[in-house]
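Encoded as structure tokens, the structure appears first; notes follow it.
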Amino acid sequence: MIQVLILLLLQQAEKVSAAWSVTFENPDICALRGSSVEFRCSYSYPDEESVRQTAWDKGKIQNGILERVRLSDLPSYNGRFEYQGDHAHNCSLVLRDLQENDTGYYFFWFDTDKFGRRSKKSVYLSVTGLEASVRSNRVRLGDSVTLDCRTECQTTKIIWFKDGRPVAEPTFQAQITDTGNYSCAFEGIESSQSSPVALDVWYPPLNVSVEVNRSDPLLVGSSVTLTCRGSARPAAITYTWWYSSDVSNSSTELPVGSGQVLSISSVELTHTGTYVCQAENRVGQSRSAQLLLTVEEMVHPLIVLGIGIKVIILLVLPPILIWVWKCRSRSDAKNEENTSNDYENVIFG
């Protein structure tokens with residue numbers, strides 16, 4: 001009789017055990033520090049039972065033994081977890097503002113009007129940070145760049161941002177526009193990004209040109225300022241000015257100054273010629289195109305006045321002479337006509 005009772009009890013226990021279960025949709029979760037995560041969970045139990053309480057526990061090692069402690073009893077979780085489930089079959093949980101010490105095992109527990117049960121399996125949460133790096137963070141124009149994001153979540157896809165904008169590929173050839181701050185994030189939670197890391201692309205002086213503060217022609221004795229312009233990273237530290245009086249032959253160039261600005265306080269005729277600026281930084285150097293300066297001799301005001309008078313005379317005198325000549329011609333013709341009339345009067349009078 002006793003053996004029969006034991007057998008019946010064992011059979012009843014197996015039926016009860018088979019009727020309840022806890023299932024985790026993703027038992028292995030990796031999440032970023034500061035983000036939120038959801039443990040999606042479902043549970044079942046015999047139809048004749050009704051759920052009275054639910055709770056989530058975290059496994060903690062105490063005295064070398066893994067014990068389950070209610071999240072509600074852990075001060076570090078206050079205000080950071082929310083039960084999304086119900087007293088039917090949904091047991092999902094949300095954890096917010098994840099910290100690295102949240103890493104560990106999580107178990108679900110529920111109590112019915114007959115039994116209290118806890119899940120045998122668990123959800124393992126791994127909370128990690130993201131560390132962005134660039135190999136290397138200072139490169140020259142055209143060098144290969146590789147962005148690296150260190151994380152313990154090996155299966156999670158990493159995406160990159162430059163100054164807040166998505167980056168297509170983590171490996172590329174450095175261009176001038178690639179200078180900026182880069183950060184990485186998990187795909188799907190782009191709002192939680194790593195601390196930024198800077199990429200500095202160095203390049204030699206580009207688009208070097210000479211800017212002059214006045215236009216040709218320059219008069220002897222006047223002043224002129226030439227400024228060397230261009231872009232470079234790092235900034236150009238050396239400027240050299242070259243001058244050639246032979247416009248058609250650059251081999252005759254001579255150094256005439258240094259510094260970004262070349263000033264000539266009083267120009268002379270010998271300053272006529274071409275000027276070239278050479279800018280140099282730690283990466284390389286570049287030269288501007290030739291700039292032609294033309295210096296002319298200043299003309300004295302009296303000379304100008306004399307020339308003006310001559311021009312006026314040349315322009316005005318011919319019409320006056322023609323007018324006088326015409327007037328004389330008319331006068332001579334009239335006098336001749338009067339003489340002829342007087343002669344006729346005498347003959348026929």
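The values are calculated or read from the model by the stated rules, or taken from the named source; none is laboratory data. Just so it is clear, the model here is predicted, and its values are computed rather than measured. FYI the Cβ positions are ideal-geometry reconstructions off the backbone, even for glycines, and counts take in every protein chain you see. Surface accessibility is based on the protein's heavy atoms, side chains included, excluding ligands, DNA and RNA. Shrake-Rupley method; radii C 1.70, N 1.55, O 1.52, S 1.80 Å.
Using the Karplus curve 6.51 cos²θ - 1.76 cosθ + 1.60 with θ = phi - 60°, work out ³J(HN,Hα) for each residue of region 96-102 in order, rounded to whole Hz, and write x for Gly and Pro.
10, 6, 4, 10, 5, 6, 7
Just order 135-144, 61-70 by mean Cβ neighbour count inside 10 Å, highest at the front, would you?
Descending mean neighbour count gives 135-144, 61-70.
Report the label-to-label distance for ARG33 and LYS120 in nanometres (one decimal), using points 7 Å from each Cα along the Cα→Cβ vector.
If labels sit at ARG33 and LYS120, their model points lie 3.7 nm apart.
Note the full-extension length gain between ASN26 and LEU292 as 0.36 nm times their separation in residues minus their Cα-Cα distance, in nm to one decimal.
88.2 nm
May I ask you to compute the full-extension gain from ASP97 to SER222, defined as 0.36 nm times their residue separation minus their alpha-carbon distance, rounded to one decimal in nm?
37.9 nm
Determine the order of TYR105, TYR43 by accessible area, beginning with the largest, at a probe radius of 1.4 Å.
Putting TYR105, TYR43 in descending order of accessible area: TYR105, TYR43.
Efficiency by 1/(1 + (r/R0)^6): what FRET value for SER215 and GLU82, r their Cβ-Cβ distance, R0 = 56 Å, to the nearest 0.05?
About 0.15, to the nearest 0.05.
Which of the listed residues, THR225, ASN213, THR151, is farthest toward the dipole's positive end in region 116-263, when Lys, Arg count +1 and Asp, Glu count -1 at the beta-carbon?
In region 116-263, that residue is THR151.
So if each residue of separation counts as 0.36 nm, and I subtract the Cα-Cα distance between LEU254 and LEU317, what length gain in nm does that give?
Net length gain for the segment: 17.4 nm.
Considering only the other residues whose Cβ falls under 9 Å of the Cβ of PHE107, what net charge follows from Lys and Arg at +1 and Asp and Glu at -1?
Around PHE107, the charge tally is +4.
In nanometres, what is the gap between the two model label sites at ARG138 and ASN181, each 7 Å from Cα along Cα-to-Cβ?
Taking the simple label geometry, ARG138 and ASN181 are separated by 2.0 nm.
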